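Colleague: First the structure, then my questions, so here it is.
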Amino acid sequence: MFDTYGRKCNSRFFVNYGFCLDENKADNEAVMKFKMDEKCPLYSEKLQQLKRSSPLFEHQVPASLKRLNVLQMLRYLRFIFADESDLNRLFSQSEHQFNPLSKRCEKGVLLAIRQAADEGLAQFETSLDDDNGILETLEMFSNHRNAVIMRRGEKQVLHWWKGLTEYSLPWLDLNPIAFRRKLKELINTTTRTDGYDTYIIDVLSQIC
């Protein structure tokens, strides 16, 4: 008889079942915390529309662009950084659409993600490299090792999102002609293995 634990983050495997997977990159998740700044366009109106008294919000997401919770995070961030014209575009989309709104807005989204990833990584006392070294010294299947694997998975997700922003932000500074030329080169060479190229080709190409 066989059963499956399903696709889950290592934190859920560890808490619920007492083990972690050494390689679970596709399904590990990390919490990204954001704050809507008072300088954001239409700040008060947005708080009212969200029915929130606090500008703080968070999303738990994997290192992927294809999961629904990631698309919801991106839509939420685009709402936060949208000006009036961006909001008109956003509200014309269906609830299942998560298209970018403008270069200015998407740059705000990427900068917020980078800041959230940096702040998340700063909460740990050890680095990703530290954890990789520590794992080599720990007994297989021990609780200590499982705990390190779990926290390493969260760091891998945060590093993935930080990497996405560092890869993508320079594209937004290109003029339209340079962007299209570089995009054509990317399409001809990419294998889309890490998701970063997918973001450029499928997302940024809509607004650049």
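The values are calculated or read from the model by the stated rules, or taken from the named source; none is laboratory data. None of the values given here were measured: they were computed from a predicted structure. Because the Cβ atoms are built from the backbone with ideal geometry, glycine has one as well, and the counts that use them run over all protein chains shown.
Colleague: Any chance you could count how many residues in region 161-195 are surrounded by 19 or more Cβ atoms within 10 Å (Cβ to Cβ) and either of a type in the set (V, I, T) or touching a Gly at 6+ places or on another chain (Cβ under 8 Å) (or both)?
Modeller: 2
Colleague: While we're here: Please list, ordered by first then second residue, the pairs with beta carbon atoms under 7 Å, 6 or more apart or interchain, first in region 181-208 and on the phi > 0 side of the Ramachandran plot, second surrounded by 14 or more Cβ atoms within 10 Å (Cβ to Cβ) and among the polar types (S, T, N, Q).
Modeller: Correct list of pairs: R192/T198; G195/S64.
Colleague: May I pose another question? Only residues in region 157-168 that are in a helix (DSSP H, G or I) count as the first member; pair them with residues that are among the charged types (D, E, K, R), Cβ under 6 angstrom, at least 6 apart or cross-chain, and list the lot.
Modeller: K162/R114; T165/R114
Colleague: Of the residues S102, S54, which is over 22 Å from H159 (Cα atoms), in contact with a helix residue (DSSP H, G or I) (Cβ under 7 Å, 6 or more places away or on another chain) and polar (S, T, N, Q)? Don't jump to the end; show me each part of the working.
Modeller: Numbers: S54 fails: in contact with a helix residue (DSSP H, G or I) (Cβ under 7 Å, 6 or more places away or on another chain).
The conditions single out S102.
Colleague: Also: When both residues are 6+ apart or on different chains and their Cβ atoms are under 6 Å apart, which pairs have a first residue that lies in region 109-124 and is β-branched (V, I, T), and a second that is surrounded by fewer than 20 Cβ atoms within 10 Å (Cβ to Cβ) and part of a helix (DSSP H, G or I)?
Modeller: From residues that are β-branched (V, I, T), there are no pairs.
Colleague: Quick check on this structure: which one of L47, L77, L71 is in a helix (DSSP H, G or I), within 18 Å of A112 (Cβ to Cβ) and in contact with a Ser or Thr (Cβ under 9 Å, 6 or more places away or on another chain)?
Modeller: On the way: L77 fails: in contact with a Ser or Thr (Cβ under 9 Å, 6 or more places away or on another chain); L71 fails: in contact with a Ser or Thr (Cβ under 9 Å, 6 or more places away or on another chain).
Among L47, L77, L71, only L47 is in a helix (DSSP H, G or I), within 18 Å of A112 (Cβ to Cβ) and in contact with a Ser or Thr (Cβ under 9 Å, 6 or more places away or on another chain).
Colleague: Same structure, new question: Taking region 1-13, which residues are modelled with pLDDT of 85 or more and either in contact with a strand residue (DSSP E or B) (Cβ under 8 Å, 6 or more places away or on another chain) or over 23 Å from V70 (Cα atoms) (or both)?
Modeller: Within region 1-13, C9, S11 meet the criteria.
Colleague: Residues to consider are Q123, Q48, Q60, Q72; find the one that is under 21 Å from the mean Cα position of the chain (by Cα), surrounded by fewer than 13 Cβ atoms within 10 Å (Cβ to Cβ) and either modelled with pLDDT under 90 or under 19 Å from N28 (Cα atoms) (or both). So that I can check it myself, show each step before the final result.
Modeller: Numbers: Q48 fails: under 21 Å from the mean Cα position of the chain (by Cα); Q60 fails: surrounded by fewer than 13 Cβ atoms within 10 Å (Cβ to Cβ); Q72 fails: surrounded by fewer than 13 Cβ atoms within 10 Å (Cβ to Cβ).
Just a single option satisfies the conditions, and that option is Q123.
Colleague: For region 33-43, check the following and say yes or no: at least one residue is touching an Asp or Glu at 6+ places or on another chain (Cβ under 7 Å) and modelled with pLDDT under 90.
Modeller: Among the residues of region 33-43, at least one is touching an Asp or Glu at 6+ places or on another chain (Cβ under 7 Å) and modelled with pLDDT under 90, which makes the answer yes.
Colleague: N16 fails exactly one of the following numbered conditions: (1) surrounded by 11 or more Cβ atoms within 10 Å (Cβ to Cβ); (2) in a helix (DSSP H, G or I). What is the number of that condition?
Modeller: Unmet condition: (1).
Colleague: All but one of (1) surrounded by 15 or more Cβ atoms within 10 Å (Cβ to Cβ); (2) in a helix (DSSP H, G or I); (3) of a type outside the set (D, E); (4) modelled with pLDDT under 90 hold for L87; state the number of the condition that does not hold.
Modeller: Of (1) surrounded by 15 or more Cβ atoms within 10 Å (Cβ to Cβ); (2) in a helix (DSSP H, G or I); (3) of a type outside the set (D, E); (4) modelled with pLDDT under 90, only one is false for L87: (4).
Colleague: Within region 15-54, can you find the residues that are in contact with a strand residue (DSSP E or B) (Cβ under 9 Å, 6 or more places away or on another chain) and among the charged types (D, E, K, R)?
Modeller: K25, D27, E29, K33, K35
Colleague: Something else about it: Being small (G, A, S) and either modelled with pLDDT of 95 or more or assigned to a helix (DSSP H, G or I) (or both) is the filter here, so list the residues in region 126-156 that pass it. Walk me through how you get there before you give the answer.
Modeller: Residues of region 126-156 that are small (G, A, S), as a first pass: 127, 133, 142, 147, 153.
If the condition is that a residue be small (G, A, S) and either modelled with pLDDT of 95 or more or assigned to a helix (DSSP H, G or I) (or both), then S127, G133, A147, G153 are the ones that fit.
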